[in-house]
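The values are calculated or read from the model by the stated rules, or taken from the named source; none is laboratory data. This is a predicted model, so every value here is computed, not measured. Cβ: placed from backbone, ideal geometry, glycine included. Neighbour counts: every protein chain shown.
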Amino acid sequence: MRSKIVAGNWKMNNDANASKTLANELVAGLKDKSLQNTRVVVAPTFVNLTAVHEVVSGSVVEVAAQNMHQAKSGAFTGEISAEMLTSIGLKSVILGHSERREYFGETDALLAEKVTAALANGLEVIFCFGELLEDRKSENHFAVVESQISNALFSLDAGAWKQLVLAYEPVWAIGTGETATADQAQEMHAFIRKIVADKYDAALAEEVSILYGGSCKPGNAKEIFSKEDVDGGLIGGAALQAADFIAIIEAIQ
């Protein structure tokens, strides 16, 4: 049975004190919860990874990094390597987020390198992808998603997929005024599972967790998570409030 996962991407928010406070609130709020086959992950900014990791140690909450560089080391000022992440006890990293693609020009080819480096260092990869509003309106959304996945991931052997989690981000439904329905999420998630099955096999595709990352909130989480091929969410703004994030976690039970 594939894991259910609720991951909170804190992005460039929360200083050290705010990060520790939020982490403590999550640990306390989830302490007595019975999480059935559900993982909880938070991704603070780089400078707060160690502090948050220490706070959540021994709890149900895991910590992931928001990004990493593909090189092992070198003259890459401001960057962080996979080895640096594992050295502080991290086991997961988010790669390919729509903001990294849009604002920092990350391409499928670059992301393929990053994924390879992360996997080589034993990191689980939460791999993000998704179409823009213009892609959706031109009905090119399936082709865009298939291209992003195939270009970055389909050179991997089947065994590597045990360390992959997919996260579908309909970029057109994030801060645009447009809203993705639960049925639209299910339609794309089913498509994603099918292209993975076609490339590898159905058994592998059935084991891959596919998260939804399009403005998931306490009010719509239960409906979205009820869909057969939606295995959880990659949560943005709602992950910054402990009560909201816990409510979303409860919605997947």
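For region 15-23, check the following and say yes or no: at least one residue is touching a residue at least 60 places away in the same chain (Cβ under 8 Å) and touching a strand residue (DSSP E or B) at 6+ places or on another chain (Cβ under 6 Å). Outline the logic, then answer.
Filtering region 15-23 down to residues touching a residue at least 60 places away in the same chain (Cβ under 8 Å) leaves 22.
Next, from what is left, pick out any that are touching a strand residue (DSSP E or B) at 6+ places or on another chain (Cβ under 6 Å): none.
Within region 15-23 (the criterion being touching a residue at least 60 places away in the same chain (Cβ under 8 Å) and touching a strand residue (DSSP E or B) at 6+ places or on another chain (Cβ under 6 Å)), the answer is no, since none of the residues qualifies.
When only residues in region 231-251 that are closer than 17 Å to Asp32 by Cα and within 16 Å of the chain's Cα centre (by Cα) count, which is surrounded by the fewest Cβ atoms within 10 Å (Cβ to Cβ)?
Phe245
Where the second residue is assigned to a loop (DSSP other than H, G, I, E, B) and acidic (Asp, Glu) and the first is touching a residue at least 40 places away in the same chain (Cβ under 8 Å) and lies in region 65-90, which pairs have Cβ atoms under 6 Å and are six or more apart or on separate chains?
His69/Glu79
Tell me yes or no: at least one residue of region 123-133 is at pLDDT below 95, in contact with a Ser or Thr (Cβ under 8 Å, 6 or more places away or on another chain), surrounded by 12 or more Cβ atoms within 10 Å (Cβ to Cβ) and of a type outside the set (Lys, Arg).
Yes, region 123-133 contains at least one residue that is at pLDDT below 95, in contact with a Ser or Thr (Cβ under 8 Å, 6 or more places away or on another chain), surrounded by 12 or more Cβ atoms within 10 Å (Cβ to Cβ) and of a type outside the set (Lys, Arg).
Just to be sure, is Val165 within 19 Å of the chain's Cα centre (by Cα), outside any loop (DSSP other than H, G, I, E, B) and under 20 Å from Gly232 (Cβ atoms)?
Numbers: within 19 Å of the chain's Cα centre (by Cα): yes; outside any loop (DSSP other than H, G, I, E, B): yes; under 20 Å from Gly232 (Cβ atoms): yes.
Criteria met by Val165.
For Asp183, all conditions in the list (1) loosely packed, with under 15 Cβ neighbours inside 10 Å; (2) touching a helix residue (DSSP H, G or I) at 6+ places or on another chain (Cβ under 9 Å) hold save one; what is the number of the exception?
Failing condition for Asp183: (2).
Taking only pairs six or more apart or across chains, which ones have beta-carbon atoms under 9 Å, a first residue in region 134-162 that is in contact (Cβ under 8 Å) with a residue 12 or more places away in the chain and closer than 18 Å to His97 by Cβ, and a second residue that is exposed (fewer than 15 other Cβ atoms within 10 Å of the Cβ) and among the hydrophobic types (A, V, I, L, M, F, W, C)?
Correct list of pairs: Asp135/Ala143; Asn151/Ala109; Ala152/Ala109.
Looking only at region 89-117, count how many residues are of a type in the set (Phe, Trp, Tyr) and surrounded by 17 or more Cβ atoms within 10 Å (Cβ to Cβ). First the steps, then the outcome.
Of region 89-117, the ones of a type in the set (Phe, Trp, Tyr) are 103-104.
Next cut, surrounded by 17 or more Cβ atoms within 10 Å (Cβ to Cβ) only: none.
So the answer is 0.
If a residue has to be outside any loop (DSSP other than H, G, I, E, B) and either polar (S, T, N, Q) or farther than 15 Å from His141 by Cα (or both) to count, how many in region 168-182 make the cut? Can you show your working first?
Taking region 168-182 first, the residues outside any loop (DSSP other than H, G, I, E, B) are 168, 171-173, 182.
Subsequent filtering for residues that are either polar (S, T, N, Q) or farther than 15 Å from His141 by Cα (or both) retains 182.
Qualifying residue count for the region: 1.
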